[in-house]
Structures are given as C-alpha cells and as structure tokens.
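The values are calculated or read from the model by the stated rules, or taken from the named source; none is laboratory data. Remember, it's a predicted structure, so these values are computed and weren't measured experimentally. Cβ: placed from backbone, ideal geometry, glycine included. Neighbour counts: every protein chain shown.
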C-alpha cells in the first residue's frame, strides 16, 4: 500500500472488483469500512498493489475477479436501479444472476430497451463518461408527428436545463418512429430534447449502446454477452481484458 506513486487507486480497484461504483467506493473508504493489510484506510489517494490484502466490512476483496456482462431488454414499468426503497420492481428483479451486477446508467421507468448490467467498474465508468462518446440509438414515437424543422433542430442540438446537447443523428424509420443517435447520456435527455422542440414522447426504446444491439431480445429477456461482444465493448472504450 502507498499514498503516491505506483499501484492502482483503491476506489478504482474496488469498482473493478464489483464492490461498488467509484463514487460509492469513495464513500466506503471515507466511512472507514475499508482496510488494506489490516489497517483502516480513509484517504482517497491511497494506492494498492496486487499483493495487498483488501477487505470491506471484514470481507476479502478479490483484485482479479471474473467479470460478468449481461444485456437486458428492460420492459416498461421496471426501474433501472439496483434497489428501490418503495419496493418497486427493478432490473435486478428481472435479471436473476448469481453474480453481483449493477446497471450501467439508467432508462426512465416509462422507457424501454437495452440496459447493460456488469460488475466491471472501470467499464461502467468509461461507458458513462462523455469523453468516450459511446453512441446510443433510440426509437422515439412522438406527437405531433415531427416536422422537418423539428428534426433539423434535434440534429443541430438544443438547449435543455442550461446546457446544449451535441449534434444528433435523426432519421425517420418504419412504423412512425424516429431513430435518434446521441453520444451523451444525461438524465431524460431524449425526452427533454423532444420537449425543447415541441414534441411529446409517447414511447421510447433504446436499441443500441456502442457495439451492443438488442437484436431479437424481447422485453424482459436477458442474456450474458458473447465473448466477441465483450471484446468489442471493451475496445470501444479503450479497455482490454
């Protein structure tokens, strides 16, 4: 263990081991719930080496875990959180995995589609960080029927909640829907973008995240990613196994 120099940051190791997100790992450290080689650690700048013994609440942490990657087609009405204090159904109620996984980002309870669940903390961090510009595709059914001018405004970017969205790819598709591709992942972004140009979203389905697509996965169905999919996903954010 060291507070500077070589080694990996402790919160990064905890996230990679699937213990918690980086932010939550920092909270655990600050609360004095993490020990390294038997000593309580409270400094966020602490670095650890592979030979160091890490424990959280007295339970050993495996620094080289087997990562799990699951793709779910989130149905309408399911929360994309790990737990809910009000007892509502979450993605972890749908995905019955033996591994301890967490959803990457969120979809509104009234939205549907692709959600990735994993215990690979660094992958989660990079997928959500805007610097990696991971594309996300959405099918949007809105009213009134979008005009060419409204679609053009979505393509150019719009002001929502004090910031301007980046340029989006927007195209009409079969069934009265519009496909929107963005490289950001702000809360309720697609709905707010549509609202900014005078549209009300009736249905919203995420169909792609980076190299991952729903394919034939039906609402409520889930599966582990294939090795080739994992390889492409890691490569998309500059990671390797």
message: Against the definition (buried (at least 16 other Cβ atoms within 10 Å of the Cβ) and not in a helix (DSSP H, G or I)), how does residue 230 come out, yes or no?
response: no
query: Which condition does residue 215 not pass, out of (1) under 22 Å from the mean Cα position of the chain (by Cα); (2) without any contact (Cβ under 8 Å) to a residue 40 or more places away in the chain; (3) part of a strand (DSSP E or B), if it passes all the others?
result: (3)
- prompt: In the stretch 71-87, what count of residues is obtained for those that are farther than 21 Å from residue 211 by Cβ and touching a residue at least 12 places away in the same chain (Cβ under 8 Å)?
  reply: 7
Residues satisfying the stated conditions in the stretch 143-164, i.e. surrounded by 13 or more Cβ atoms within 10 Å (Cβ to Cβ), out of contact with any helix residue (DSSP H, G or I) (no Cβ under 6 Å at 6 or more places or on another chain) and in a loop (DSSP other than H, G, I, E, B): 146, 157
task: Name the strands (runs of 3 or more DSSP E) wholly inside the stretch 27-81 in which the number of residues that are assigned by TED's automatic domain parsing to the domain that holds residue 227 and modelled with pLDDT of 90 or more is 1 or more.
output: 69-74
task: State all residues of the stretch 91-121 that are surrounded by fewer than 18 Cβ atoms within 10 Å (Cβ to Cβ) and either farther than 14 Å from residue 191 by Cβ or over 14 Å from the mean Cα position of the chain (by Cα) (or both); if no residue qualifies, say none.
output: 93, 96, 97, 98, 99, 100, 105, 109, 110
- request: For residue 182, state whether it is in the same structural domain as residue 148 (by TED's automatic domain parsing), buried (at least 20 other Cβ atoms within 10 Å of the Cβ), under 22 Å from residue 165 (Cα atoms) and touching a helix residue (DSSP H, G or I) at 6+ places or on another chain (Cβ under 9 Å).
  value: yes
message: I'm trying to understand the selection: among the residues of the stretch 129-142, which are surrounded by 14 or more Cβ atoms within 10 Å (Cβ to Cβ) and within 12 Å of the chain's Cα centre (by Cα)?
response: 134, 136
message: Being outside any loop (DSSP other than H, G, I, E, B), surrounded by 17 or more Cβ atoms within 10 Å (Cβ to Cβ) and not assigned by TED's automatic domain parsing to the domain that holds residue 143: is that true of residue 201 here?
response: no
Residue that is farthest from residue 212 (Cα to Cα) [pool: residues in the stretch 133-142 that are assigned to a strand (DSSP E or B) and touching a helix residue (DSSP H, G or I) at 6+ places or on another chain (Cβ under 7 Å)]: 142
